[in-house]
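See below for the structure under consideration.
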Amino acid sequence: MKILVVSDSHMYNDILENITNKWKNKVDLLVHCGDSSLLPDDPLLKDYDIVVHGNHDEEVFPHYVVYKDIFVTHGNDYHVYTGYDELIQACKENHCTICFHGHTHVPTIQIHEGITFVNPGSAMINRGNYGYGTYAIVETEPFNVIYYDSLDHHICNQEVLEEGMVLLDDFKKIVKNNRVDKKQC
């Protein structure tokens, strides 16, 4: 199965429309991991099979969706800035081996306790030195993830993934050192 995974478009509707139009007839499933800042009946979301609630969305979207062995959520409900413990538990409870999430604006692929976590980054713009947004195309058999620049669609795996893990480690340290309330993460 080939899946488009987008997150955190934050009303950058021209970018979301461009990504959708490029891939809607080339993939089997379209997933938006939240923070579209759109309503469910918005024409920009009509091609998406799964759309979940982000912390900048109305409560009308589900907070998570289970599709086969894939758990889809935004990530804020599971405090992904502080780690994956809560998300690992949710995936296990739902018998999922793959998880798509957003929220951090940092594209990453991580494996924890046999579960593969894919964050497509933000279609709008990511945190990082490279200064552009990303999305992911995920193939499930064999499992493969390719990250693309959300503006010109060039493949950017190496440049975004190396910096992404460093950024997430820095976030965890900041949250731990400042004892930020988990509700904010």
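The values are calculated or read from the model by the stated rules, or taken from the named source; none is laboratory data. None of these values were measured; they are calculated from a predicted model. Heads up, the Cβs are rebuilt from the backbone with ideal geometry, glycines too, and the neighbour counts pull from every protein chain shown. Quick note on the areas: whole protein, heavy atoms, side chains included, nothing else; ligands and nucleic acids left out. Shrake-Rupley method; radii C 1.70, N 1.55, O 1.52, S 1.80 Å.
Things to note:
- Conditions (1) open to solvent by less than 60 Å² (accessible area, probe 1.4 Å); (2) touching a helix residue (DSSP H, G or I) at 6+ places or on another chain (Cβ under 9 Å); (3) modelled with pLDDT of 95 or more: number failed by His79: (3)
- Residues satisfying the stated conditions in region 53-70, i.e. surrounded by 15 or more Cβ atoms within 10 Å (Cβ to Cβ), hydrophobic (A, V, I, L, M, F, W, C) and either touching a residue at least 24 places away in the same chain (Cβ under 8 Å) or in a loop (DSSP other than H, G, I, E, B) (or both): Phe61, Val66, Ile70
- Evaluation of Asn13 against (1) within 20 Å of Ser150 (Cα to Cα); (2) in contact with a strand residue (DSSP E or B) (Cβ under 8 Å, 6 or more places away or on another chain); (3) at pLDDT 95 or above (one fails), failing number: (2)
- Residue in region 35-52 that is assigned to a loop (DSSP other than H, G, I, E, B) and in contact with a Lys or Arg (Cβ under 8 Å, 6 or more places away or on another chain) present: yes
- Test result for Tyr135, touching a Cys at 6+ places or on another chain (Cβ under 7 Å), surrounded by 18 or more Cβ atoms within 10 Å (Cβ to Cβ), at pLDDT 95 or above and closer than 20 Å to Lys24 by Cβ: no
- Residue list for region 4-27, filter: open to solvent by less than 30 Å² (accessible area, probe 1.4 Å) and over 13 Å from Asp47 (Cβ atoms): Val5, Ser7, Asp8, Ser9, Ile15
- Residues in region 1-18 that are closer than 18 Å to Val106 by Cβ and in a helix (DSSP H, G or I): Ile15 alone.
- Scanning region 98-127 for residues that are open to solvent by 10 Å² or more (accessible area, probe 1.4 Å), more than 19 Å from Val51 (Cβ to Cβ) and assigned to a strand (DSSP E or B) gives Ile109, Gln110, Ile111, His112, Thr116.
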